[in-house]
Amino acid sequence: MSDTPDIANKYIEILEKVRDPEIPVLSVLDMGVVRKVEETATGLEVTITPTYSGCPAMDTIEEDILHQFKAHGFKGTKVKTVLYPPWTTDWFSEEAKEKLRKTGIAPPDHSISKADLMGKDTTATCPRCNSKDTSRISEFGSTACKALYKCHACGDPFDYFKCI
Amino acid sequence: MDSYSSYLLRIGDNALILGQRLAEICGHGPVLEEDIALTNISLDLIGQARMAYQRYAELESDVKDEDEIAFKRDSHEFYNCLLVELDNGDFGMTIARQFFFSAFQVPYLEALTQSEDEFLRNFALKSVKEAKYHLKHSAQWMVRLGDGTAESHDRMEESVNKLWPYTGELMIADELDEKARAWGAPDLLEIKKIWSDTVERTLKEATLTIEAPDVWMLRGGKQGNHTEHLGLILAEMQFLQRAYPGLEW
């Protein structure tokens, strides 16, 4: 499976209605969690991939997808979870990043590389005042995929979506 | 149960038991941020265990799903190393245990990403990204506490020395580890070199000293022989499914 999701246009509208339960400004399409929608003899098969191994939102996302397709008249839809290719924040669209910013979460501001994970502290830009004068409070924030930062310019704490 | 399935349990059990230990801290962390950090690491680990157990359940017809593997085995049927089942102790002890384990897990999983076995490779590609954050987090705390106040230094030094005899088991290969080479698992001696390098570097920066580095390394967990801690962990973790089999939320 490639890095680009394989989803026919007619399913996009339905999947747009499935929101990430922990970051409801984003749909599961914005997140890149849905990888594929296949038509099979018994119904649709939707392939999803977890953001983090232990992401507690996956079960809810699966149920919400089934619910939306059922509401649109698709019977016998199945959801399959795959681990490969592993999810990455590189899959966020610019539009998704803007949505995150507007809700007060700093989006991952650069591409993933080994240096980011092992090397020096990453910088995060404050989603409220755009200052780069920020520091990390904790490597883990309100969910596993975010870190907690503080802005020295406006004084507000904020969540930062970690590059993974 | 064939060797490959046993190996899946070994990988899954390390993650589940450490994940369960960290979950005990939920609501009891020293500060809110660290409470959240440790329970997030717990989630990652339990997620990893779930992946390994799901694969096991696909291969072995005697179990229905991952829950049965987690909740219906007794302590001698768990194959995690002794390190991960030890008490949380104080915050420093919890961090030191995490650091020693993550310093192993990162190079181990990195090597496993080259495996020709599809599940193990995909499992490693997914988990290694998380393990790197766990290592970064715990290494930072090792330095902050070790090179901190006199009190934090002393307590940290006590923790690393208490845990030290349990660190070797991770990298002592037994017959199953040797067999696992065929599925792309790394040579544990090579992993030990990387582990020792990370640990030495971090301990030095943290101004911490291991008093007896060449002490006898305790072992047995990987073969199902555990400390008394594991029974207590399982008693709590498995209570609901033992008392009310098949109960769902």
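The values are calculated or read from the model by the stated rules, or taken from the named source; none is laboratory data. Computed from a predicted model, the values in this text were never measured in an experiment. Note: ideal-geometry Cβ built from the backbone for every residue, glycine included; neighbour counts use all protein chains shown. Heavy atoms of the whole protein, side chains included, go into the accessibility calculation; ligands, DNA and RNA do not. Shrake-Rupley method; radii C 1.70, N 1.55, O 1.52, S 1.80 Å.
Peptides B:47-60, B:20-33 ranked from most to least packed by the mean count of surrounding Cβ atoms within 10 Å: B:47-60, B:20-33. Charges were assigned to the Cβ only: +1 to each Lys and Arg, -1 to each Asp and Glu. The resulting dipole of segment A:2-75 about its Cα centre is roughly 200 debye. Taking a point 7 Å from the Cα of A:Glu95 along the Cα-to-Cβ direction, the residues of segment A:3-21 with backbone N closer than 11 Å to it are A:13, A:16. Rounded to the nearest whole Hz, the Karplus-based 3J(HN,Hα) values (6.51 cos²θ - 1.76 cosθ + 1.60, θ = phi - 60°) of segment B:244-249 follow the sequence 10, x, x, 4, 10, 5, with x at glycine and proline. Shown for the protein assembly as shown: the carbon plus sulfur share of the solvent-accessible area, taken with all protein chains present and a 1.4 angstrom probe, equals 51%. Comparing B:Gly184, B:Trp164, B:Ala124 along the charge dipole axis of segment B:107-249, the residue lying farthest to the positive side is B:Ala124, per the Cβ-charge model. With respect to chain B, whose longest principal axis is taken over its alpha-carbon atoms, helix B:228-243 is tilted by about 40°.
Over the protein assembly as shown, the Kirkwood radius and the radius of gyration, each from Cα atoms, give a ratio Rg/Rh of 0.97.
Ignoring ligands, DNA and RNA and using a 1.4 Å probe, state the total buried accessible area between A and B in Å², rounded to the nearest 100.
2500 Å²
Residue by residue along B:131-143, Cβ atoms of other protein chains within 10 Å of the local Cβ number 3 on average.
Beyond a 25 Å Cα-Cα separation, which of these cross-linked pairs lie in this structure: B:Lys136/B:Lys193; B:Lys72/B:Lys136; A:Lys10/A:Lys80; A:Lys97/A:Lys146? Violating the 25 Å Cα-Cα cut-off are B:Lys72/B:Lys136. Per-residue shielding of B:176-188, expressed as the average number of other chain Cβ atoms within 10 Å of the residue Cβ, stands at 0. The charge dipole of chain B, taken about its Cα centre with unit charges on the Cβ of Lys, Arg, Asp and Glu (plus for the first two, minus for the last two), comes to roughly 360 debye. Solvent-accessible area per residue in chain B equals 45 Å², computed with a 1.4 angstrom probe and all protein chains kept. Modelled this way, with points 7 Å down the Cα-to-C-beta line, the labels at B:Thr149 and A:Asp59 are 4.1 nm from one another. Report summary: the helix-based calculation at 222 nm, which adds -39500 (n - 2.57) for every DSSP H run with n ≥ 4 and divides by the residues of chain A, gives -6500 deg cm²/dmol. Taking the charge dipole of the protein assembly as shown about its Cα centre, with +1 at Lys and Arg Cβ atoms and -1 at Asp and Glu Cβ atoms, the residue from B:Ser5, A:Val25, B:Ala206 reaching farthest to the positive side is A:Val25. Ranked by the mean number of other Cβ atoms within 10 Å per residue, highest first, peptides A:71-83, B:145-157 order as B:145-157, A:71-83. With a 10 Å cut-off around each Cβ of B:33-44, the average count of Cβ atoms from other chains is 5.
What dipole magnitude, in Debye to the nearest 20, does the protein assembly as shown give about its Cα centre under +1 on Lys/Arg Cβ and -1 on Asp/Glu Cβ? That gives a dipole near 920 debye.
Computed over chain B, the P(r) curve from all C-alpha pair distances, binned at 5 Å from the origin, holds 1, 6, 13, 18, 20, 18, 12, 7, 3, 1, 0, 0 percent per bin. Ellipticity at 222 nm from helices only: DSSP H runs of n ≥ 4 in chain B, each -39500 (n - 2.57), divided by the residue count, give -21500 deg cm²/dmol. For the residues A:Glu95, A:Glu39, A:Glu62, a GNM of chain A with alpha-carbon springs under 10 Å puts the largest fluctuation on A:Glu39.
Seen against the Cα atoms of chain B and their longest principal axis, helix B:118-146 is set at about 20 degrees.
Report the one residue of A:Leu83, B:Leu18, B:Ala103 whose Cα lies farthest in the direction of the positive end of the charge dipole of the protein assembly as shown (charges on C-beta: Lys and Arg +1, Asp and Glu -1; origin at the Cα centre). My answer, from the dipole projection, is A:Leu83.
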